[in-house]
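Please treat every number below as a calculation from the coordinates, not as lab data. Only a predicted model underlies this, so the values are computations on that prediction, with no experimental measurement involved. Because the Cβ atoms are built from the backbone with ideal geometry, glycine has one as well, and the counts that use them run over all protein chains shown.
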């Protein structure tokens, strides 16, 4: 077992107010899933929901920076991934082989743990194995989600590098998703049309994950105390609530 206590791991130019980020992630996730279950035509609910996953990913990175027991951290994620699977299937109409997002977060966490400990090529082998598993299995956000966590960890000490990485990743992520705003049918001057053509990729549904970036870059210092229980319970609990409401 490896205990991470290196203070250098905690040094970052990014927001350390993880309690606030956790709360925003939970709220935006709930809004997103309300949109999926009850209001699929309301695109704005899905747009708001794009903020949730990057914030959860960032909290995984910061959580591993601060934990004294990565193995226990991984086991907690595994337990709640298993607990959440059946509510995930019921609330969002998934099959048993379609794994929930906590499995994705777990593989991302294991990837960066392997990078941290650097034992017997773990910094190379563990991320590769986790990416292969996430690509072969069907899980929420899949290998792209694991890759985002790895990139966040590698860029976490430099805000400029993090922002450039995240914007680029979101544009790549959203390339094949549908557009939230379509500028093609507008009659505009040529110069403005060219400008809108350039920025059109920013308005793809998955590209809208960029909305979470300011919260990660700006030190909010909200003084909110982080509640570990809330962080783990919120996911399966909100799925159970959605399932109950859907059946009423």
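Given region 92-216, what whole percent of its Cα pairs are spread farther than 22 Å? Taking all Cα-Cα pairs of region 92-216, the fraction more than 22 Å apart is 49 percent.
Annotation: the residues 221, 32, sorted from fewest to most other C-beta atoms within 10 Å of their own C-beta, follow the order 221, 32. Counted over all Cα-Cα pairs of region 38-77, pairs farther apart than 11 Å make up 70 percent. Between the alpha-carbon centres of region 22-70 and region 136-163 there is a gap of 14 Å. Full extension of the chain between residue 96 and residue 240 yields a length gain of 50.2 nm, computed as 0.36 nm times the residue separation minus the alpha carbon distance.
Computed from the alpha carbon positions, the gyration tensor of region 16-246 leads to an equivalent ellipsoid with semi-axes of 29, 23, 18 Å, biggest first. Relative contact order of region 16-246: 27 percent, from C-alpha pairs under 8 Å at least 6 residues apart in sequence.
Global dimensions of region 1-141 from alpha-carbon coordinates: Rg and Dmax equal 16.3, 50 Å.
Of the three principal axes defined by the Cα atoms of region 6-81, the extents in descending order read 48, 31, 13 Å. Neighbour counts of C-beta atoms inside 10 Å place 130, 57 in the sequence 130, 57, starting with the fewest.
Extension gain, residue 124 to residue 157: 0.36 nm times the residue separation minus the Cα-Cα distance gives 9.9 nm.
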